[in-house]
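Structure first, commentary second.
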Amino acid sequence: MIVRTLEELTGTSRDVHTENWNSRRFLLAQDGMSFSLHDTIIKAGTETYIWYKHHLEAVYCIEGEGEVEEMDTGVAHPIRAGTVYALNGNEKHYLRAKVDMRMVCVFAPALTGEEVHDEDGVYPPAEGLGATT
Ligand code: 9YT
């Protein structure tokens, strides 16, 4: 059994910071669960372009307020505590936070822990990480 606390992750390599978000990665590929589980803070006032073309992601908002806009349709869905969205079609999207949003995120396949978005909003496929081309 794996038991971890947020306090234990803070300041470690599982605590990933970018300009727009801070992702605390409880479960990663190395934990052998086939999915990864993150507690992520999306910073107030930010807009992030995201395209998880190699992953499925489900996101459960437990604090805060914002919206997710599907790029292909322009449809924007409000997000508040209690809202789930699931990217079951690898949708390109904009994620906007009015105030800090706290999101519980599940990725399949699991992230390895190194990932931040590239210029196309993409996380690389797991086998691409660490490649030395
Ligand atoms: C909700 C979302 O996709 N936020 C970006 C960060 C990502 N969830 C992560 O790596 O934890």
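Only the coordinates and a few stated rules stand behind these numbers; no lab work does. Computed from a predicted structure; not experimentally measured. Cβ: placed from backbone, ideal geometry, glycine included. Neighbour counts: every protein chain shown.
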**OP:** Indicate the gyration tensor shape class of segment 55-127 (rounded, prolate or oblate), computed on the Cα atoms with a ≥ b ≥ c the square roots of the eigenvalues: a/c under 1.5 is rounded; otherwise a/b larger than b/c is prolate and the rest oblate.
**Re:** prolate
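Nearest 500 deg cm²/dmol is fine: what mean residue ellipticity at 222 nm does the chain get from its DSSP H runs of n ≥ 4 alone, each adding -39,500 (n - 2.57), divided by its residue count?
On the way: 1 runs with 4 residues, N = 133.
Calculated mean residue ellipticity at 222 nm is -500 deg cm²/dmol.
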Original post:
Tally Lys/Arg at +1 and Asp/Glu at -1 over every other residue whose Cβ is under 15 Å from the Cβ of residue 99; what's the total?
Top reply: 0
Original post:
Does anything in segment 99-120 have its amide N under 13 Å from the 7 Å Cα→Cβ label point of residue 90, and if so which residues?
Top reply: 109
**OP:** Kindly put 51, 21 in sequence by how many other C-beta atoms sit within 10 Å of each C-beta, fewest to most.
**Re:** 51, 21
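How would 95, 87, 56 line up from fewest to most surrounding beta-carbon atoms within 10 angstrom?
Numbers: 95 22, 87 19, 56 15.
In order of increasing Cβ crowding within 10 Å: 56, 87, 95.
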Original post:
Once you list every other residue whose beta carbon is under 14 Å from the beta carbon of residue 86, what net charge do they have if Lys and Arg are +1 and Asp and Glu are -1?
Top reply: -3
**OP:** Find the Cα radius of gyration of segment 17-108, compare it with 2.2 N^0.38 Å by division, and give the number to two decimals.
**Re:** 1.02
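With the contact rule set at Cα under 8 Å and sequence spacing of 6 or more, what percent relative contact order holds for segment 17-108? Kindly include the intermediate steps, with their values, before the conclusion.
Values: 236 pairs, mean separation 34.9, N = 92.
Over segment 17-108, the number comes to 38 percent.
Taking 0.36 nm per residue of separation and subtracting the Cα-Cα distance, what length does fully extending residue 40 through residue 80 add? Present the calculation step by step, with values, prior to reporting the outcome.
Values: separation 40, 0.36 × 40 = 14.40 nm, distance 1.44 nm.
Value of the extension gain: 13.0 nm.
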Original post:
What is the order of 2, 50, fewest Cβ neighbours within 10 Å to most?
Top reply: 2, 50
Subject >> Beta bridges per DSSP with both ends in the chain, % antiparallel, nearest 5 >> reply: 100 percent
Original post:
What residues have an amide H closer than 5 Å to that of residue 46, excluding those fewer than 5 places away on the same chain, when H is modeled at 1.01 Å from N in the peptide plane?
Top reply: 97
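For an R0 of 30 angstrom, estimate the FRET efficiency from the Cβ-Cβ distance between residue 30 and residue 56 and round to the nearest 0.05.
Values: r = 19 Å, r/R0 = 0.64.
That pair, residue 30 with residue 56, gives E of 0.95.
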**OP:** Under 9 Å from the Cβ of residue 76, count the other residues' Cβ atoms, weight Lys and Arg +1, Asp and Glu -1, and hand me the total.
**Re:** -2
